[in-house]
Amino acid sequence: MRKIIIDTDPGQDDAVAILLALASPDEIEVLGITAVAGNVPLALTSKNARIVCELAGRSDIPVFAGCDRPLAHTLVTAEHVHGKTGLDGIPLPDPQMKLQDRHGVDFIIDTLRAEPPGTVTLCPLGPLTNIATALTRAPDIGPRIAGIVLMGGAYFEVGNITPAAEFNIYVDPEAAQVVFHSGAPITVMPLDVTHKALITRDRNDALRALGTRVGAVVAAWTDFFERFDKEKYGSEGAPLHDPCVIAYLLAPELFTGRHINVEIETQSALTRGMTVADWWRVTDRVPNATFMGDLDAPGFFELLTTRLARF
């Protein structure tokens, strides 16, 4: 049993990641979900996280609102991909479960202090603002983190929001710099991996064919947001970025990568938010992250479909 905190900015693919975690209670205990501003503003990400919990029948999962803006810059959002609600594609009822009173950053700090050292994994699916704020405010939690498995960055696939930067890192590169310099064990799911997790028509049809409410909703979500990536990349489907984080916790053998140094560009107007990944180990910089480079896509979608069928 792995205890995790999901830090997220739902987003359809974030929502699928949350569902995958909640569908795997034998392996994963979700201690709580912290929302951050990213794909859409915080009011919507915190609402969407609760919608997803209720869709999964897990209104017992505590959801906390975290930071509503990046550490040093104006918030950039992605309604052009995810729609104005962040979960466009199918109408869903407003959540009945309430937000927790505590700030998401306080929940992260308090949980890491309360649980035994090395037992809680942080799973950031959006900008790293909440995680960086927690590490800065409470440096003592750093050594207590079992690991940080995050979706963000790119090397071979370069950028998806600018020519050089992936969206999650670009939104708050200063926060990413704090996290990558924290000393915690970090595993990165960059675009290099997530662009291989393409939800093609056949894979989407398999989710719809589950004949469940969750299967129908997930298929509708991916039908909606894949339009953007198919037009942009000319691909057969849209990448399911964030579920790669949870899939790694469940089946790490689906992924391959390298332990390398990753630095975050925060200054350049051209490359701000770039993950400068020393994939070929051409510098003497100390490795600080396991940067994934490949994915067994059929195995990933078999895992995803089988788990979502449990709802």
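Throughout, read-outs are computed from the coordinates displayed, never taken from laboratory work. As the structure is a prediction and not an experimental result, all values here were calculated from the model. As a convention, Cβ positions derive from the backbone with ideal geometry for all residues, glycine included, and neighbour counts pool all protein chains shown.
The table that follows gives values for the structure above.
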item	result
Neighbour cut-off at most 13 other Cβ (10 Å), DSSP loop, trypsin sites (Lys or Arg not before Pro), region 251-306	R281, R285
Full-stretch length increase - D294, H181 - with 0.36 nm per residue and alpha-carbon distance subtracted	38.2 nm
Relative packing of 233-244, 117-128, which averages over residues the other C-beta atoms within 10 Å, highest first	117-128, 233-244
Equivalent ellipsoid semi-axes, region 10-102, via Cα gyration tensor eigenvalues times 5, rooted, Å	21, 15, 12
Förster radius 41 Å - calculated FRET efficiency between H80 and R310, Cβ distance, rounded to 0.05	0.80
Helix-only mean residue ellipticity at 222 nm for the chain, each DSSP H run of n ≥ 4 adding -39500 (n - 2.57), per residue, nearest 500	-10500 deg cm²/dmol
Paramagnetic label zone (point 7 Å from Cα along Cα-to-C-beta, L99; backbone N under 13 Å) in region 56-74	63-69
Beta bridges per DSSP with both ends in the chain, % antiparallel, nearest 5	30 percent
F156 versus E115: modelled label distance in nm, points set 7 Å from Cα along the beta carbon direction	3.3 nm
Ordering of 211-221, 75-85, 141-151 by packing [mean C-beta count within 10 Å, highest first]	141-151, 211-221, 75-85
Calculated on alpha-carbon atoms, Rg and Dmax of the chain in Å	17.6, 53
Difference of contour (0.36 nm per residue) and Cα-Cα distance, R281 to E174	36.1 nm
Cut-off under 5 Å, modelled amide H: who pairs with G32 long-range	I6
Distance-filtered residues of region 38-82 - backbone nitrogen under 15 Å, label point 7 angstrom along I90 Cα→Cβ	51-57
